[in-house]
1. I75 - would you say it is in contact with a strand residue (DSSP E or B) (Cβ under 6 Å, 6 or more places away or on another chain), closer than 20 Å to T130 by Cβ, at pLDDT 90 or above and of a type in the set (A, V, I, L, M, F, W, C)?
2. Among the residues of the stretch 91-108, which ones are in contact (Cβ under 8 Å) with a residue 12 or more places away in the chain and over 12 Å from A125 (Cβ atoms)?
3. Could you give every pair whose Cβ atoms fall below 8 Å, whose first residue belongs to the stretch 109-123 and is in contact (Cβ under 8 Å) with a residue 12 or more places away in the chain and over 12 Å from V85 (Cα atoms), and whose second residue is in a strand (DSSP E or B) and not polar (S, T, N, Q), counting only separations of at least 6 or pairs across chains?
4. Taking T50 as the residue in question, decide whether it is part of a helix (DSSP H, G or I) and modelled with pLDDT of 75 or more.
Amino acid sequence: MSSSIGFINTTPTSSTQSAAGSQTLNQANFLQLLVTQMSSQDPLNPQSDTDFAAQLAQFSSLQQSQDMQSDLQNIQATGLIGQTVMVNPSAGANAVTGMVSAVTISSGTPSIIVNGQPYTLSQIAAVTPTFANTPSNSTKPN
């Protein structure tokens, strides 16, 4: 009985380098691992198809939770428009206070715009409501 082991390419490509750098597993990566697992299983002792279905369901649930977290961050960021915030730009830099004028979303991550500069939500130190000055309609007696 002979067995052969195929050559495994260990040179990382740009897509595997970026995936390793971000340490995230997306649905395409999971499905690729699932197919590899199915094709590499022992034919005399195969894994149950219900195990694969359970793994896929767990991953789908995780993916939905991550999507919901991203959506909540976007909602939180847009809710800050018009609010006065204090942000800490970077270590050692002075805090910046200003009104949030806009929100930009890049690669699913929201950034607030304060005084023309983008900041992440994690840089926010304080939020205070901005009140509009409305003129009073008082009448003077004659």
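The values are calculated or read from the model by the stated rules, or taken from the named source; none is laboratory data. On a predicted model such as this, the values are computed, not experimentally measured, just so you know. Please note: Cβ atoms are built from the backbone with ideal geometry, for glycine as well, and neighbour counts cover all protein chains shown.
1. Answer is no for this residue.
2. Those that are in contact (Cβ under 8 Å) with a residue 12 or more places away in the chain and over 12 Å from A125 (Cβ atoms): G98, M99, V100, S101, A102, V103, T104, I105, G108.
3. Going by the 8 Å Cβ cut-off, the qualifying pairs are P110/V103; S111/V103; S111/I105; S111/P118; S111/Y119; Q117/V96; P118/I112.
4. Considered against the rule, which asks whether it is part of a helix (DSSP H, G or I) and modelled with pLDDT of 75 or more, T50 comes out as yes.
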